[in-house]
Structure formats: C-alpha cells, structure tokens
Amino acid sequence: MIVTVKTLAKAAGVSRGTVDRVLHNRGSVRKELELKIKTLAKELGYVPNRAGRALSGIKERYKIGILLPCIGNAFFEGVIEGIDKAIEEYKELGVEVILKKVQGYDEKVHLDGIDELRKQGCSALCLATMDTKAVSEKINECASLGIKIILVNSDVENTQKICYVGSDYLKAGKTCAGLLSLISRFDALNILVVTGSEHMKGHRQRIEGFKKELESLKVKYKICAQIESNDSDIKAQIETSKYLNPHKEINCVYVTGAGVQGVGAAIIATGRNDIIGIAFDDIYTTVEMVRAGIFKFVICQQPERQGYHAVKRAYQILSGTVNEQSMSDFYTDTIIKIASNVGK
C-alpha cells in the first residue's frame with residue numbers, strides 16, 4: 001500500500017494540512033503532535049513527494065541484491081511478483097534490484113550467488129538461503145562490509161541480519177498437526193515426512209512445530225522416515241514411491257517443502273485412498289491435488305507479501321527512513337486452504 005499524506009492524516013486523526021506542515025517543517029504544530037505524525041510516517045513507510053523527486057532527478061541510488069532458489073520451484077513465482085510490485089513502487093526513488101536465481105540447495109551455488117551480488121555493488125541483500133555454517137559466515141562477512149542483510153522466506157541462525165521477512169514456520173507446523181488431529185480416524189499415525197532440505201531452517205521448523213503439537217495434543221504417531229526432495233518434483237516422486245511401495249503402514253505424508261506434485265503422483269500410484277496428504281502453498285499444481293482430495297489441506301504463507309516487504313524494508317534501511325535498530329521481523333499470515341477455497 002502506498003502511504004500518502006491523506007493516509008497519515010487519517011491515522012493521526014488530524015487534517016491533511018497539519019500533516020503537510022509537519023512533513024515540510026512549517027511549524028505551527030504542537031511538539032507532541034509533530035512527534036506523533038513523524039513517528040507514524042516512519043512506521044507506515046511514508047515516502048515524501050515521489051513525483052517531485054522523479055522530476056528533480058534522483059541524487060541517491062539504492063542497489064538491492066536478491067537471492068532466490070526459484071529455478072524449478074513455482075512457489076517463488078509469487079515472491080517475485082511481490083518483488084516486481086516493490087520495484088515498480090520504489091524505482092522513482094532510486095531503487096535498483098538485481099535478482100540472482102539459483103536452483104535447489106547446493107551450498108556452493110548459494111555462496112557463489114551471494115558473492116556475485118556483493119561484487120555487483122549491492123548495498124543491501126535480501127537472501128532466501130541455506131542455514132549452514134558457511135552461509136552464516138558469508139552473510140556476516142557481507143555485514144562487516146556494511147551491507148544490510150534481510151533474510152527472506154527462511155531464516156539463518158547466528159547472522160548479523162537486520163530482520164527476517166517470511167512465514168512463522170513453527171506456527172505453520174503446529175497448525176498442520178492441529179488440523180490433522182481433527183480429520184484423522186486412525187488409531188495411530190504412521191507418517192512419512194518429505195522435506196526440501198535439512199539445511200533450510202524453515203523446513204526444519206515445520207517439522208519441529210508439527211511434532212511438538214502432536215505431542216501436546218497426545219496424538220499417537222510415529223515418524224517412520226524423513227526423506228529429502230531438494231524441492232524437485234522428480235526426486236520427490238522417486239523417493240516417495242521408493243518408500244511408500246514397501247511400507248503399507250504409512251497413512252500420512254507430510255510435505256514440508258516443494259515437490260508436492262511429485263509426492264502426489266507417488267500417492268496416486270499406490271492406488272490407495274486412505275493416505276492423508278498435507279502440504280504447503282497453493283501453487284497451481286498443488287491446487288489440483290487438493291481439489292482431487294490427494295492433499296486434504298495446505299497452509300499458505302503469502303509469498304507476494306514476502307517479496308514486497310523484503311524490498312520495502314531494504315529501501316527503508318538504506319534511505320534512513322527507518323532506523324535499523326527498530327526494524328523488527330515481519331511474519332506473514334498462516335492461512336489454511338481446503339478444497340472449498342484453495343486457489344481463490
């Protein structure tokens with residue numbers, strides 16, 4: 001949302017004229033009210049006089065580098081839509097975005113991607129990357145050079161980041177467990193977990209939250225196996241089929257990353273209709289699986305908002321609109337989708 005003088009006036013409960021006087025330092029406003037309006041302007045991300053800046057020429061440029069493991073992962077199409085929206089909104093203010101696309105979770109590929117963005121002179125990096133020691137050290141190396149770090153979609157431990165923008169994965173995992181406990185008619189759940197990568201903190205947290213909530217609800221369950229798909233539909237189908245075929249006791253498949261279409265194909269191939277499938281995100285392939293009843297529900301994490309707010313926050317920090325010490329993490333909503341509302 002573009003914040004205007006009218007927006008600020010409504011939020012502060014004053015006239016537009018009062019807001020205008022404060023923003024242009026024209027006096028005649030009580031100190032307390034002036035502070036309130038300026039604080040609101042910072043909190044809401046108000047950017048003054050876009051058209052004026054565009055006409056007068058931009059004196060500062062803000063180069064923002066973004067790393068996404070989006071090749072072969074349809075989820076990130078939504079993140080990129082949000083990034084594009086932010087670019088359109090902030091380009092008049094000197095924002096330039098360099099998007100580095102990588103595939104999967106090869107540590108060297110991610111490290112090289114970060115280095116490439118750094119060498120291109122980026123002042124801020126928005127990274128959807130792996131939670132490994134080497135990546136953490138690379139991030140801190142960039143931070144020591146004065147580069148502002150925002151972690152997107154999945155957090156990385158022990159880093160000098162400004163903030164995290166993305167899903168609350170523990171909450172998402174707990175939500176899956178709660179819904180599963182409501183729909184399951186089994187005496188005990190025998191669960192196959194299909195994750196993207198153990199090196200993605202978000203994927204690990206989805207499993208952690210899921211298990212904790214099942215235990216809290218006193219649901220009898222067993223994690224029979226945990227396999228990795230590297231967020232590839234092909235690998236997901238192969239590995240899931242390899243496990244499901246000889247293990248007829250599996251009655252639930254919990255997918256914590258991408259590769260949902262591949263897992264769904266493997267479930268269909270068993271010829272069984274008693275397996276409860278659980279997954280995340282309503283990308284087009286997953287929507288069809290939910291409507292077909294292969295997956296009973298999915299939890300969505302608003303990818304567009306993740307992309308948009310990552311760029312917005314990078315701009316706010318670089319431009320000094322918001323003090324980095326006051327920048328808090330931004331969590332998207334945890335949204336439940338079933339056959340009745342998925343894809344809408």
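The values are calculated or read from the model by the stated rules, or taken from the named source; none is laboratory data. Quantities reported herein were computed from a predicted structural model and do not represent experimental measurements. Neighbour counts are summed over all protein chains in view; Cβ atoms, including those assigned to glycine, are modelled from backbone coordinates with ideal geometry.
Annotations
- Long-range neighbours under 8 Å by Cβ, at least six apart or interchain, first residue under 15 Å from Leu67 (Cβ atoms) within region 132-146, second of a type in the set (D, E, K, R) and in a helix (DSSP H, G or I): Thr132/Glu107; Ala134/Glu107; Val135/Glu107; Lys138/Asp115; Cys142/Arg118
- Selection status of Ile83, under 15 Å from Ile66 (Cβ atoms), of a type in the set (A, V, I, L, M), outside any loop (DSSP other than H, G, I, E, B) and within 17 Å of the chain's Cα centre (by Cα): yes
One line per residue, one yes/no per condition, for (1) in a loop (DSSP other than H, G, I, E, B); (2) acidic (Asp, Glu); (3) free of Cβ contacts under 8 Å to residues at least 24 places away in the same chain; (4) over 23 Å from Gln205 (Cα atoms):
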position	(1), (2), (3), (4)
Val287	no, no, no, yes
Val298	no, no, no, no
Tyr308	no, no, no, yes
Gln325	no, no, yes, yes
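- Consider region 258-293 and keep the residues that are closer than 19 Å to Ile227 by Cβ and among the polar types (S, T, N, Q). The one that is surrounded by the fewest Cβ atoms within 10 Å (Cβ to Cβ) is Thr270.
- Residue in region 203-223 that is touching a Gly at 6+ places or on another chain (Cβ under 9 Å) and in a strand (DSSP E or B) present: no
- If you filter region 290-331 down to residues that are modelled with pLDDT under 95 and in contact with a helix residue (DSSP H, G or I) (Cβ under 6 Å, 6 or more places away or on another chain), you find that the one that is nearest to Asn251 (Cα to Cα) is Glu324.
- The condition (being of a type in the set (D, E, K, R) and out of contact with any strand residue (DSSP E or B) (no Cβ under 7 Å at 6 or more places or on another chain)) is satisfied by just one residue among Lys171, Lys148, Lys161: Lys171.
- Residue count, region 9-44 (criterion: buried (at least 17 other Cβ atoms within 10 Å of the Cβ) and in contact (Cβ under 8 Å) with a residue 24 or more places away in the chain): 7
- For region 97-141, a residue qualifies if it is of a type in the set (Asp, Glu), outside any loop (DSSP other than H, G, I, E, B) and either crowded, with 16+ Cβ neighbours inside 10 Å or within 20 Å of the chain's Cα centre (by Cα) (or both), and exactly one does: Glu107.
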